[in-house]
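Contents: one structure, followed by commentary.
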Amino acid sequence: MTHGEITATLLALGALLGAARILGESARRIGQPAVVGEILAGILLGPTVAGTFAPEFFSFINPTPNAALFLNGFALVAVVLFTLVAGLEVELASVWRQGRAALGVSLGGIAAPFAIGVVFAGTLPEFLGRPDGVAPLLYTLFFATALSISALPVIAKTLMDLNIYRTDIGMTVIASAMFDDLFGWSVFALLLGMMGISGGRFTAGETVGLTLLFAALALTVGRWAINASLPWLNRHTTWPGGVIGFAVSLALIAAAFTEWIGIHAVFGSFIAGIALGDSPHLRQKTKQTIEHFVSFIFAPLFFASIGLKVNFAVNFDLALTAVVLVIACVGKILGCAYGARRAGVKSNEAWAIGFGMNARGAMEIVLATLALQYGVIGQPMFVALVIMALVTSVISGPAMRRLLDMSKARTLLDYFSEALFVPALAGRTPEEVIGELSALAAEETGLDGEVIRTGALARERIVPTGLDNGVAIPHARLAGLRAPVICVGISEGGIDFNARDGQDAQLVFLILTPQGDDKAQITILAGLSRLLSKAPVREALKRIDSFHALRTVVEQNAPAPDRGR
């Protein structure tokens, strides 16, 4: 690279990252996924805007062939690390523990859009812009897969913003999205094998076989080896550098292997992320540190670089984009809602699950980018898929809020009781504390204490209920419970509920709701999340020593009735 090329490359990286971070944060402030702002940054600096209105500036930062090679390599590393983070969020056990509802939603959310994609790609290949030379079967399977995939990171962020991540609905959506992500990337890996991208090293059949063998070994023997290695790393390396270095090395090696056998590198890093994230020795705080490391630097650069690849104005096809958006939404929402209804979920919750699963976000964009890179789709279809991914992500949260009827006034004070307040918990583990609070709840409600304890611990095993800033919210839905109750316990020393920030919980809220009251759990968790989002309130609650003090703090600081945001 010449002096001028180095200058242009560094300027392009700095401008892209700066614009992506500014617009990404701006998107978050108005309640939208950061990826919306990050892609917009690339569109502004790319051929769509800068190339049209400031051609001299665009020419200066537009890389020469040597600089382009460097930027493409950097973007490859970024997307490999991003899919590592996506894999870390997948908990295979959660998929099975959610049972019938998650399985029904997953299958419905895959089968319906996949079938619609097959029909449209098979009957309207010219309208959908199948490039010349791309086999009809390959294009049909890709299009069907693109309609079937969900975006786990965006879905999780949406549920957190609505304060329903830890509810039964939230966990059903998360478990279903995990399965859909795994399905989508597995199918896409097989499609790349069909294209013979191994460069003649392996046949398509050999590539597919090696891919399946790699996934099977990584998620069995690999998981065991990683789980055995992490305790040693935690003891003998500096936190968090030791584990982060191990995670990135593992992702790059796995990515190199899948690239070598003819499958794109992202599949290897995704599987490595699943194997690593499934270990109980990888703390939530460590996951969060890895996520921040990637999400604040590498991911913004990758998504901003998307805007440099295509002129969105020139390649925008309104009819194509509208059709892709409509069939994507119809297939995913109807399929997931039908699967949820078949599993016994109530109508409004089933539709809310459908809209939650409809968010395509970053994973769809990564899939579309790889398809464009390998010539599977043309630029108009790429633009249509990117717009579809952004629109589905934007509408997901508001639709769920309306369908779950989160606009009716509720008050937390109705659920507290002096008999269910413990100013000094004796337990030192989550199991002991949940048992202690369950015994009080049994006296108040007339239910069997062991039944309450078992129900709460079952939820705890699915996903730890430790929140940030020293708070834990174990909860359960119980048959025979007449009305919702909240047991409150204060622990001076703190209890390790495996929170993302690593802090021990000093405030423990055991939330019990009737099995048939589907909205109570959502309402209580959302209300507590808003109340406890204020640092002065949390600190005041940690110092209380009586139920009267608890009631006073809640009365003075409880948020206004939830009428939507």
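The values are calculated or read from the model by the stated rules, or taken from the named source; none is laboratory data. Small disclaimer: the values here were computed from a predicted structure and weren't measured. Reconstructed Cβ throughout: ideal geometry from the backbone, glycine too, with neighbour counts over all protein chains shown.
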Of the residues GLY470, GLY480, which single one is more than 25 Å from VAL345 (Cα to Cα) and in contact (Cβ under 8 Å) with a residue 24 or more places away in the chain?
GLY470
Can you go through ALA299, ALA247, ALA313 and tell me which one is at pLDDT 85 or above, part of a helix (DSSP H, G or I), assigned by TED's automatic domain parsing to the domain that holds ALA371 and of a type in the set (A, V, I, L, M)?
ALA247
Being surrounded by fewer than 19 Cβ atoms within 10 Å (Cβ to Cβ) and in contact with a strand residue (DSSP E or B) (Cβ under 9 Å, 6 or more places away or on another chain) narrows it down to one of VAL451, VAL471, so name that one.
VAL451
What about ALA254, is it of a type outside the set (Ser, Thr, Tyr), assigned by TED's automatic domain parsing to the domain that holds GLN379 and surrounded by fewer than 23 Cβ atoms within 10 Å (Cβ to Cβ)?
no
Looking only at region 177-234, which residues are of a type in the set (Asp, Glu) and at pLDDT below 75?
ASP181
Does GLU436 qualify as being in a helix (DSSP H, G or I), among the acidic types (Asp, Glu), in contact (Cβ under 8 Å) with a residue 24 or more places away in the chain and touching a helix residue (DSSP H, G or I) at 6+ places or on another chain (Cβ under 6 Å)?
no
Out of the residues in region 139-167 meeting the condition of being over 29 Å from PHE120 (Cβ atoms) and either β-branched (Val, Ile, Thr) or over 16 Å from the mean Cα position of the chain (by Cα) (or both), tell me which one is modelled with the lowest pLDDT.
THR167
Could you tell me which of the residues LEU541, LEU550, LEU510, LEU531 is within 22 Å of LEU159 (Cα to Cα), among the hydrophobic types (A, V, I, L, M, F, W, C), in a helix (DSSP H, G or I) and modelled with pLDDT of 80 or more?
LEU531
Is it fair to say SER59 is in a helix (DSSP H, G or I), out of contact with any Leu (no Cβ under 8 Å at 6 or more places or on another chain) and modelled with pLDDT of 75 or more?
yes
Here's a check for you: in region 23-62, which residue that is without any contact (Cβ under 8 Å) to a residue 24 or more places away in the chain and within 16 Å of VAL314 (Cα to Cα) is surrounded by the fewest Cβ atoms within 10 Å (Cβ to Cβ)?
PHE53
Name the residues in region 411-433 that are part of a helix (DSSP H, G or I) and of a type in the set (Val, Ile, Thr), would you?
VAL433
For THR445, are the conditions met, namely being of a type outside the set (Asp, Glu), assigned by TED's automatic domain parsing to the domain that holds LEU525 and free of Cβ contacts under 8 Å to residues at least 12 places away in the same chain?
no
